[in-house]
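The values are calculated or read from the model by the stated rules, or taken from the named source; none is laboratory data. Note that the structure is predicted; figures quoted are calculated from it, not measured. All Cβ positions, glycine included, derive from the backbone under ideal geometry; neighbour counts span all protein chains shown.
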Amino acid sequence: MLTLIDDRDLARTLRADVLAGLTVTPKWLPPRWFYDARGSELFEEITRLPEYYPTRAERAVLAGHAPAIARITEAKCLVELGSGSSEKTRLLLDAMLRRGTLGSFVPLDVSASALTAAVGELTAAYPELTVTGVVGDFARHLAYLPEGDSRVVAFLGGTIGNLTPPERTAFLTALRGALHEGEWLLLGADLVKDPAVLVPAYDDAAGVTAEFNRNVLRVINRELGADFDPAAFEHVALWDAGHEWIEMRLRSSRDQVVRIPELDLTVPFAAGEEMRTEISAKFRRAGLAAELAAAGFTLRHWWTDPDGRFGVALAQA
Ligand code: AVJ
């Protein structure tokens, strides 16, 4: 396993993110800090919730079309950005190995714990495959993709929705720059739909997403010595119809002051004040095709699950 971002780099980025996000109005934190060992486990739990359809919908698409993806791409190397447990990726690995082209799999994730577990399981399950885990941030470490040809970069789960539109442009452009002409991007995108379906997916009855949301406070407490009281923040999930994204926030349930000794920072929260912790943008085929084209990709194939909830794009550099 390769570790690109060392602990010092991670700590530095967290400090910069927290300092930037908690000293402006409105306050915000980037979603990557949800994913310590506990956060990654909570996310896995979310993927099994009855309200959280994206994982099941994407799995249905991959189950139906993995053989076509393997045939069209003739992939020698599969790279997965934000791989997490790589559970759905097995559908792709199976199809690509059956096709006989695939030699290596490179999962990249910020969560060292999730990645270590995934690499161990995949190495055992696929002895014929070279599996190299990379601990890294998909937005910052594209320059470190393994060199090769016939690479397919998979970015699944709808994680692209965590990026703001300008971040998306920068990301897709950087990814296109890291690929040779003819190589592939397999992109999973959650689709715009009725807010009555969307909102419960981010505000489940069992409260798992609320715990996941508050987990970022625990991460900051542990890493920066802060004294956030997670119980004093309420989970908020809302549909922003203008931007077509779900926004998760943490709402301070009282006036409170949080100390962050590692940053020499004292952060006041007013009762009812909301801090943004995640956007999860939802897409339409035409918009995504335009964004891909603007970054230098051509959309070659587009599949959705039978209910049209989730889209998977196969785009060529
Ligand atoms: C892992 C980014 C795809 O946005 O749906 C799940 C994260 N947040 N529930 C998503 C998440 C709240 C998830 N992604």
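Considering 86, 111, which residue is of a type outside the set (Lys, Arg) and on the phi > 0 side of the Ramachandran plot?
Unique residue meeting the criteria: 86.
Collect the residues in segment 239-251 that are assigned to a loop (DSSP other than H, G, I, E, B) and under 18 Å from the mean Cα position of the chain (by Cα), keeping them in residue-number order.
244
What pairs can you find where one residue is in segment 20-43 and surrounded by fewer than 15 Cβ atoms within 10 Å (Cβ to Cβ), the other is β-branched (Val, Ile, Thr) and not in a loop (DSSP other than H, G, I, E, B), and their Cβ atoms are less than 9 Å apart, with a gap of 6+ or different chains?
Every condition considered, the pairs that remain are 23/267.
State which residue pairs qualify: first residue within 14 Å of residue 280 (Cα to Cα) and inside segment 197-217, second residue among the aromatic types (Phe, Trp, Tyr) in any location, beta carbons under 7 Å apart, and separation of 6 or more residues or different chains.
Once the first residue is within 14 Å of residue 280 (Cα to Cα) and sits in segment 197-217, its partners that are among the aromatic types (Phe, Trp, Tyr) give 198/239; 199/239; 201/52; 201/53; 209/202.
Filter segment 275-305 down to residues that are within 30 Å of residue 251 (Cα to Cα) and in contact with a His (Cβ under 8 Å, 6 or more places away or on another chain), then give me how many there are.
Final tally of qualifying residues: 2.
Can you find, within segment 97-129, the residue that is surrounded by the fewest Cβ atoms within 10 Å (Cβ to Cβ) among those that are touching a Cys at 6+ places or on another chain (Cβ under 9 Å) and either more than 24 Å from residue 40 (Cβ to Cβ) or basic (Lys, Arg) (or both)?
Checked segment 97-129; the qualifying residue surrounded by the fewest Cβ atoms within 10 Å (Cβ to Cβ) is 103.
Six or more apart or on different chains, Cβ under 6 Å: which pairs go from a residue in segment 155-181 that's farther than 26 Å from residue 53 by Cα and of a type in the set (Gly, Ala, Ser) to one that's outside any helix (DSSP H, G or I) and more than 10 Å from the ligand (Cβ to nearest atom)? Could you list them?
The qualifying pairs are 178/145.
Search segment 189-238 for residues being charged (D, E, K, R) and in a strand (DSSP E or B), and hand back the single one that is surrounded by the fewest Cβ atoms within 10 Å (Cβ to Cβ).
Looking at the filtered set, the residue picked out is 234.
For segment 78-127, what are the residues that are charged (D, E, K, R) and farther than 24 Å from residue 171 by Cβ?
90, 94, 98, 99, 121, listed by residue number.
Residue check: is residue 297 under 18 Å from residue 156 (Cα atoms), aromatic (Phe, Trp, Tyr) and crowded, with 21+ Cβ neighbours inside 10 Å?
For residue 297, the condition - under 18 Å from residue 156 (Cα atoms), aromatic (Phe, Trp, Tyr) and crowded, with 21+ Cβ neighbours inside 10 Å - is met.
Which condition from (1) surrounded by fewer than 21 Cβ atoms within 10 Å (Cβ to Cβ); (2) at pLDDT 95 or above; (3) more than 28 Å from residue 194 (Cβ to Cβ) is the one that residue 13 breaks?
(2)
Go through 102, 78, 62 for me and flag whichever is closer than 27 Å to residue 202 by Cα and touching a Lys or Arg at 6+ places or on another chain (Cβ under 9 Å).
Just a single option satisfies the conditions, and that option is 62.
Quick check on this structure: which one of 250, 187, 198, 238 is out of contact with any helix residue (DSSP H, G or I) (no Cβ under 9 Å at 6 or more places or on another chain), within 13 Å of the ligand (Cβ to nearest atom) and on the phi < 0 side of the Ramachandran plot?
Of 250, 187, 198, 238, the one residue that is out of contact with any helix residue (DSSP H, G or I) (no Cβ under 9 Å at 6 or more places or on another chain), within 13 Å of the ligand (Cβ to nearest atom) and on the phi < 0 side of the Ramachandran plot is 198.
Table: residues versus (1) modelled with pLDDT of 95 or more; (2) more than 17 Å from the chain's Cα centre (by Cα); (3) surrounded by 14 or more Cβ atoms within 10 Å (Cβ to Cβ).
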| site | (1), (2), (3) |
| --- | --- |
| 140 | no, no, yes |
| 150 | no, yes, yes |
| 153 | yes, no, yes |
| 162 | yes, no, yes |
| 171 | yes, no, yes |
| 176 | yes, yes, yes |
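Hey, could you check segment 105-156 for residues that are among the polar types (S, T, N, Q) and either outside any loop (DSSP other than H, G, I, E, B) or in contact with a strand residue (DSSP E or B) (Cβ under 6 Å, 6 or more places away or on another chain) (or both) and say which is nearest to the ligand (Cβ to nearest atom)?
The qualifying residue nearest to the ligand (Cβ to nearest atom) is 113.
Of everything in segment 157-181, what is within 12 Å of residue 81 (Cβ to Cβ) and outside any loop (DSSP other than H, G, I, E, B)? Give them in sequence order.
Selection gives 159, 160, 162, 171, 172, 174, 175, 178.
Can residue 106 be described as under 18 Å from the mean Cα position of the chain (by Cα) and without any contact (Cβ under 8 Å) to a residue 60 or more places away in the chain?
Criteria met by residue 106.
Sort out for me the helices (runs of 4 or more DSSP H) sitting completely within segment 1-104 that have 2 or more residues that are within 23 Å of residue 188 (Cα to Cα).
Answer list for segment 1-104: 37-46, 54-73, 89-99.
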